[in-house]
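Asker: Below is a structure I'd like to ask you about.
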Amino acid sequence: MSTETNSPYLEDTQLRADIDRSLRHPVMFFFTSGAAWLAVSLVLGILFSAKVHSPGFLDGCSFLNTGVLYQAHLSTMIYGWGAQAAFGVIIWLMSRLSRQECKASGLILTAGHVWNACIAIGTIRILMGEGSGVAWMYFPKFIWPVLLAIYFFIGIWAVIAFRVRRGGHIYISQWYLMATLFWFPWVFISGHLFAIGYLGEGHEMMATAASAWYRSALMFLFFTPVAIASAYYIAPKVTGRPVYSYNLALFGFWALAIVGPWTGFQRLMGAPIPSFMQFLSAGAAILMLIPAIAVAINILKTASAKKDAMAHSPSLRFTVAGVVGLLVFAALGALMSVPGVMKYTQFSTAQYGLEITGLLGFFSMCMYGAIYFIVPRITNREWISVGLIRQHFWLTVYGVLFIAIFYTLGGGFLHGEILENVNESQDSAYTRLFPYAVSLTTGFIFILIATFFFCCHLLLMWLRLGRRSSHPTLLVRHAHGSPHGPEGDLDKLENLDSNLSTH
């Protein structure tokens, strides 16, 4: 009887091990190369922000002007770090939830190398002054068709894994992942065709509108669903409880799917485009609070089912912080979309601060949570240092708070007020904005130090220098010295697989 009972569990254990083994190299490549690009982006961000409050900085390198550094900084953060972290999480989560071993790991790994080569070439061309100048699409024109082709090599396999999934269950994480896989090419193709492609040539206003839409659509229809999918996987896995409310999860998904595509045009309030588009987008940006609140309630209620889990689990701690970041990001976006407030934020640094808050305070925190969960499973090693994980978490939190509070809210609204006051002298404006500009540099320095710890930790894990252990790395040991905590024996819950399913 015991043998019969254990047999399905042993088969599941072997299947999970085979899935993790098949994805080890492509997933680790995406995570480590993405983390390296994040470090590059933060260095460029520090140089850019330093030149803002200290214009004489780097005078000896005239080619490293503010505009070039800004474009390279955002491009490496979005496509070097953000896209690659998302790809790694997508293919691992889809394989685990579909219970399908990857048969194309070599192809995915090759695609990852080509993606990184394109990012490197595009960044160098930007630094040479050959960027497009179009927001979030700064790479030269010849780069984006190659990136799109590479994406299909990665995305098609994930779709196939879902199509041939075992068991027939569809988990809420899979809803978000499948939507992301189809939304990304739509957003990417539409944005580039109308902003910098042939359809946008000679139509500057249309290109500007397409660029504004693309920035919001990429954030809400690519980065946001991947982050939410990982949160819906990690929280139930670590706590050993199903998602608090499956109906609320579906409501949040459809709210995002309906509202997300309409945002973006509020950035062009007052521009010569149809007024209904501007106000419709402003309303949609405010309504983004609805899916954000739905997700936050679900994840936080699930996490609170085991109150000590967040204190012990690095994966859950980062995930919960990311969900809180989603609420902050959505609230700031809603506030900046109110027409009466927009006159202070539309042309100020608040818009850039909002983007950085979303990318680093929400998306990246959720990705860190997923990475801290995934990497030990695909390397068969545990994280080496609890101290490095703690430093990574707190330095990142401090850096994001500096940017969100002092730079985005404080400096952004002050900048808008100065722009509204035509009598403000240049010297007075510089003096008043100086401390807020310094806060951006300070925030980036905090996050860069945290990223350095993270990169070193990831590299050691890829080299499989982590400790072999039968229990996970915990931030706090139990009082009796037991190493088993909230993440112990998590893979025994694989049939729950993190969230309620549709039957």
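Asker: What ³J(HN,Hα) values, in whole Hz, does the Karplus curve 6.51 cos²θ - 1.76 cosθ + 1.60 give for segment 415-430 when θ = phi - 60°, with x put for Gly and Pro?
Answerer: Rounded to whole hertz, the list is 4, x, 5, 5, 5, 6, 8, 5, 8, 6, 6, 5, 5, 5, 4, 4.
Asker: Related question: Per DSSP helix of 4 or more residues, -39500 (n - 2.57); summed, then divided by the residues of the chain. What does that give at 222 nm, rounded to the nearest 500?
Answerer: Values: 19 runs with 338 residues, N = 503.
Per the formula, -22500 deg cm²/dmol.
Asker: Same structure again: Taking the mean number of other Cβ atoms within 10 Å as a proxy for protection, how do you rank 448-456, 91-99, 63-71 from highest to lowest?
Answerer: The densest-packed peptide leads the list: 91-99, 448-456, 63-71.
Asker: If each of Cys61 and Tyr398 carries a label point 7 Å out from its Cα toward its Cβ, how far apart are those two points in nm?
Answerer: With each label point 7 Å from Cα toward Cβ, the separation is 2.6 nm.
Asker: I would also like to ask the following. Ordered by residue, what ³J(HN,Hα) values in Hz, to whole numbers, does segment 81-86 give under the Karplus form 6.51 cos²θ - 1.76 cosθ + 1.60, where θ = phi - 60° and Gly and Pro are x?
Answerer: These are the phi-based 3J(HN,Hα) values: 8, x, 5, 6, 4, 5 Hz.
Asker: Among Ala195, Gly167, Leu300, whose Cα lies farthest out toward the positive end of the dipole of the chain, if unit charges sit on the beta carbon of Lys, Arg (+1) and Asp, Glu (-1)?
Answerer: Gly167
Asker: I've got another one for you. Among 294-300, 425-431, 112-118, how do they line up by average Cβ neighbours within 10 Å per residue, starting with the highest?
Answerer: Descending packing order for the listed peptides: 294-300, 112-118, 425-431.
Asker: How long is the gain from Leu10 to Ala120 if the chain were fully straight, where each residue apart is worth 0.36 nm and the alpha carbon distance is subtracted?
Answerer: 35.2 nm
Asker: Here's a follow-up. Report the FRET efficiency, 1/(1 + (r/R0)^6), for Val159 and Asn423, where r is their Cβ-Cβ distance and R0 is 45 Å, rounded to 0.05.
Answerer: 0.20
Asker: Taking Cα pairs under 8 Å and at least six residues apart, what relative contact order does segment 2-475 come out at, in percent? Walk me through the intermediate numbers first.
Answerer: Values: 711 pairs, mean separation 75.7, N = 474.
Value for segment 2-475: 16 percent.
Asker: I'd like the FRET efficiency for Ala305 and Phe279, computed as 1/(1 + (r/R0)^6) with the beta carbon distance as r and R0 of 51 Å, rounded to 0.05.
Answerer: Efficiency computed from Cβ-Cβ geometry: 0.80.
Asker: Right, here's the next one. Based on the Cβ-Cβ distance from Asp18 to Phe182, what FRET efficiency comes out when R0 is 30 Å, to the nearest 0.05? Walk me through the numbers before you get to the answer.
Answerer: On the way: r = 28 Å, r/R0 = 0.93.
Efficiency at R0 = 30 Å is approximately 0.60.
Asker: Can you give me the angle between helix 2-53 and the longest principal axis of the chain, using Cα atoms only, in degrees from 0 to 90, rounded to the nearest 10?
Answerer: Helix 2-53 sits roughly 20 degrees off the main axis of the chain.
Asker: Measure off 7 Å from each Cα along the Cα-to-Cβ vector at Ile405 and Arg468, then give the distance between these two points in nanometres to one decimal.
Answerer: In this crude label model, Ile405 to Arg468 measures out at 4.7 nm.
Asker: Could you sort 227-236, 137-146 so that the peptide with the highest average Cβ count within 10 Å comes first and the rest follow in order?
Answerer: Ranking the peptides 227-236, 137-146 by packing returns 227-236, 137-146.
Asker: Got a sec? Charge dipole of the chain, +1 on Cβ for Lys and Arg, -1 for Asp and Glu; which of Phe453, Phe347, Ser337 is way out at the positive end?
Answerer: Phe453
Asker: So how much slack lies between Asn380 and Thr110, counting 0.36 nm per residue of separation and subtracting their Cα-Cα distance, in nm?
Answerer: Separation in residues times 0.36 nm, less the Cα-Cα distance, equals 94.9 nm.
Asker: What is the extension gain from Lys141 to Ser54, computed as 0.36 nm multiplied by their sequence separation minus the C-alpha to C-alpha distance, in nm to one decimal?
Answerer: 28.1 nm
Asker: Can you work out ³J(HN,Hα) from phi for every residue in segment 295-303, in order, using Karplus 6.51 cos²θ - 1.76 cosθ + 1.60 and θ = phi - 60°, giving whole Hz and x for Gly and Pro?
Answerer: Residue by residue, segment 295-303 yields 5, 4, 4, 4, 5, 5, 5, 5, 5 Hz.
Asker: Only four residue types carry charge here, +1 at the Cβ of Lys and Arg and -1 at the Cβ of Asp and Glu. Report the dipole size of the chain about the Cα centre in Debye, rounded to the nearest 20.
Answerer: The dipole magnitude comes to about 1000 debye.
Asker: What distance in nm separates the two pseudo spin-label positions at Arg390 and Ala331, each 7 Å out from Cα along the beta-carbon direction?
Answerer: Those two pseudo-labels are separated by 2.8 nm.
Asker: Pairs of lysine in the chain with Cα under 21 Å and at least 8 positions apart or on different chains: total?
Answerer: Pairs that pass both the separation and distance tests number 6.
Rule-based calculations on the coordinates, nothing more; no lab input. Fair warning: this is a prediction, and the values are worked out from it, not measured in the lab. Every residue, glycine among them, receives a Cβ derived from its backbone with ideal geometry; neighbour counts consider all protein chains shown.
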